[in-house]
1. Test Ser47 against the criterion of being open to solvent by less than 30 Å² (accessible area, probe 1.4 Å) and part of a helix (DSSP H, G or I), and give yes or no.
2. Which pairs have Cβ atoms under 6 Å, sit 6 or more apart or on different chains, and link a residue in the stretch 321-342 that is under 16 Å from Phe311 (Cα atoms) and in a strand (DSSP E or B) to one that is among the polar types (S, T, N, Q) and modelled with pLDDT under 75?
3. Test of understanding: among Leu31, Leu49, which residue is touching a residue at least 40 places away in the same chain (Cβ under 8 Å), touching a Leu at 6+ places or on another chain (Cβ under 8 Å) and over 30 Å from Asp139 (Cβ atoms)?
4. So which of Glu129, Glu92, Glu102 is modelled with pLDDT under 95, open to solvent by 50 Å² or more (accessible area, probe 1.4 Å), more than 24 Å from Ser190 (Cβ to Cβ) and not in a loop (DSSP other than H, G, I, E, B)?
5. Would you point out which residue out of Leu146, Leu162 is part of a helix (DSSP H, G or I), touching a residue at least 40 places away in the same chain (Cβ under 8 Å) and within 25 Å of the chain's Cα centre (by Cα)?
6. Of the residues Thr284, Thr300, Thr279, which single one is open to solvent by 40 Å² or more (accessible area, probe 1.4 Å), within 25 Å of Leu242 (Cα to Cα) and at pLDDT 80 or above?
7. Of everything in the stretch 74-87 that's more than 23 Å from the chain's Cα centre (by Cα) and open to solvent by 40 Å² or more (accessible area, probe 1.4 Å), which residue is farthest from Glu188 (Cα to Cα)?
8. Report, ordered by the first and then the second residue, all pairs with beta carbons closer than 9 Å, sequence separation of six or more or different chains, a first member in the stretch 287-298 that is among the polar types (S, T, N, Q), and a second member that is assigned to a strand (DSSP E or B) and loosely packed, with under 15 Cβ neighbours inside 10 Å.
Amino acid sequence: MRVLVTLCVLASLACSLSPANREKIASVFNLPIDSLKSAYQVTVARSILQLPLLETSCDFVANNAQLALADLYFASHISKIQGCPVDIAGIEDFLNSEIAGEGASMNTVFKAVTSLSNFGMTVDGSVNENIAAKLKEEDTVMAHSLAYLAAAVLPGDVPKDLVDSIEDIAHRADTIGNAMSFEGGLMETSMFLKGAAVLAQKAGKAALTDQMTQKFANYIVSNKDKAGKSNLFYTLVGLDALSSGSLVPTHLIVLDNSAVISEGQSTLKVSLVNPLGVTVKDSTAKIVSAKGAGGQAIFTPGPMSGGDGVFEVSASELTRGVFSAELGFELPSATWLQIIVL
């Protein structure tokens with residue numbers, strides 16, 4: 001199993017969502033709900049953040065959803081996440097007719113297929129052929145991203161050509177410094193990552209290289225402090241894809257306090273989190289070695305105290321100078337990570 005790990009020195013760096021980030025974003029995805037799109041974004045965002053869901057979203061769907069593709073797309077997500085019924089006659093026939101419609105775009109096929117899947121209705125696996133044909137007509141990043149998302153919920157095996165195209169599409173991204181993004185910005189980049197993640201998960205293989213994943217992650221996280229509901233929504237979508245483990249399992253080691261060890265602060269505190277800032281449950285940590293420049297032990301090798309992604313250890317000896325520490329983390333999958341902190 002491949003695991004991508006980033007060391008973030010101090011929790012204030014732009015490595016993942018901090019508790020303050022999560023609180024700020026949560027305040028955005030709250031009441032009032034004034035449209036089905038708003039209800040959809042609030043429900044999905046709160047689900048990603050693992051926050052209590054709002055009953056008013058189901059009420060809004062019941063009172064406002066119509067037999068229209070956009071309405072059903074939004075309503076189907078809310079129904080699947082919150083378990084609320086959508087009582088509209090003829091949904092299955094309508095959505096299948098949208099897929100079969102002459103000149104249907106990739107966006108239409110994606111929304112119809114996704115809605116059918118969310119509602120637990122029959123989706124014909126032959127739609128994969130329809131998707132392949134659409135991509136010949138619409139060779140764009142967004143069309144491929146929607147194709148990945150649709151194909152991931154269709155019955156049967158994932159078309160090999162579609163999986164192989166993920167890395168090819170990724171090469172269309174622009175690289176600026178240590179970040180990668182598409183010309184369409186945050187929405188296009190996040191939708192690509194989400195599509196790549198779910199299709200790779202179904203195919204059972206990594207979709208992108210470690211380097212690509214890290215560069216995409218750098219771009220997504222850089223948007224976490226920007227204003228705007230849409231911006232924050234697609235930041236969450238991208239971070240959710242990076243936290244799913246189906247691209248490359250991505251974890252971040254965050255130093256929760258200063259790395260300066262002194263008589264007044266003799267404890268090293270670290271967290272193992274995913275890009276959403278959620279600590280990794282059922283994980284453990286240990287000190288492999290920790291020595292100063294003269295070879296003297298700063299921390300005693302062995303298990304760190306704590307658990308579920310939050311750990312600490314107290315210095316066994318204080319000495320002036322720079323120390324290096326090698327830490328080991330065991331994930332729920334029984335994979336061991338080892339990193340060196342200088």
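1. Details: open to solvent by less than 30 Å² (accessible area, probe 1.4 Å): no; part of a helix (DSSP H, G or I): yes.
The answer is no for Ser47.
2. Gly328/Gln338
3. Criteria check complete, one pass: Leu49.
4. Values: Glu92 fails: modelled with pLDDT under 95; Glu102 fails: not in a loop (DSSP other than H, G, I, E, B).
Matching residue, one of Glu129, Glu92, Glu102: Glu129.
5. Details: Leu162 fails: touching a residue at least 40 places away in the same chain (Cβ under 8 Å).
Selected residue: Leu146, the only one of Leu146, Leu162 that is part of a helix (DSSP H, G or I), touching a residue at least 40 places away in the same chain (Cβ under 8 Å) and within 25 Å of the chain's Cα centre (by Cα).
6. Values: Thr300 fails: within 25 Å of Leu242 (Cα to Cα); Thr279 fails: open to solvent by 40 Å² or more (accessible area, probe 1.4 Å).
Testing whether each residue is open to solvent by 40 Å² or more (accessible area, probe 1.4 Å), within 25 Å of Leu242 (Cα to Cα) and at pLDDT 80 or above leaves just Thr284.
7. Filtering the stretch 74-87 for residues more than 23 Å from the chain's Cα centre (by Cα) gives 84-87.
Filter again for open to solvent by 40 Å² or more (accessible area, probe 1.4 Å), leaving 85, 87.
On the way: Pro85: 31, Asp87: 32 Å.
Restricting to residues being more than 23 Å from the chain's Cα centre (by Cα) and open to solvent by 40 Å² or more (accessible area, probe 1.4 Å), the top hit is Asp87.
8. Listed by first residue and then by second, the contacts come to Ser289/Ser324.
The values are calculated or read from the model by the stated rules, or taken from the named source; none is laboratory data. Fair warning: this is a prediction, and the values are worked out from it, not measured in the lab. Cβ: placed from backbone, ideal geometry, glycine included. Neighbour counts: every protein chain shown. Remember, those area values only see protein heavy atoms, side chains included, never the ligands or the DNA or RNA. Shrake-Rupley method; radii C 1.70, N 1.55, O 1.52, S 1.80 Å.
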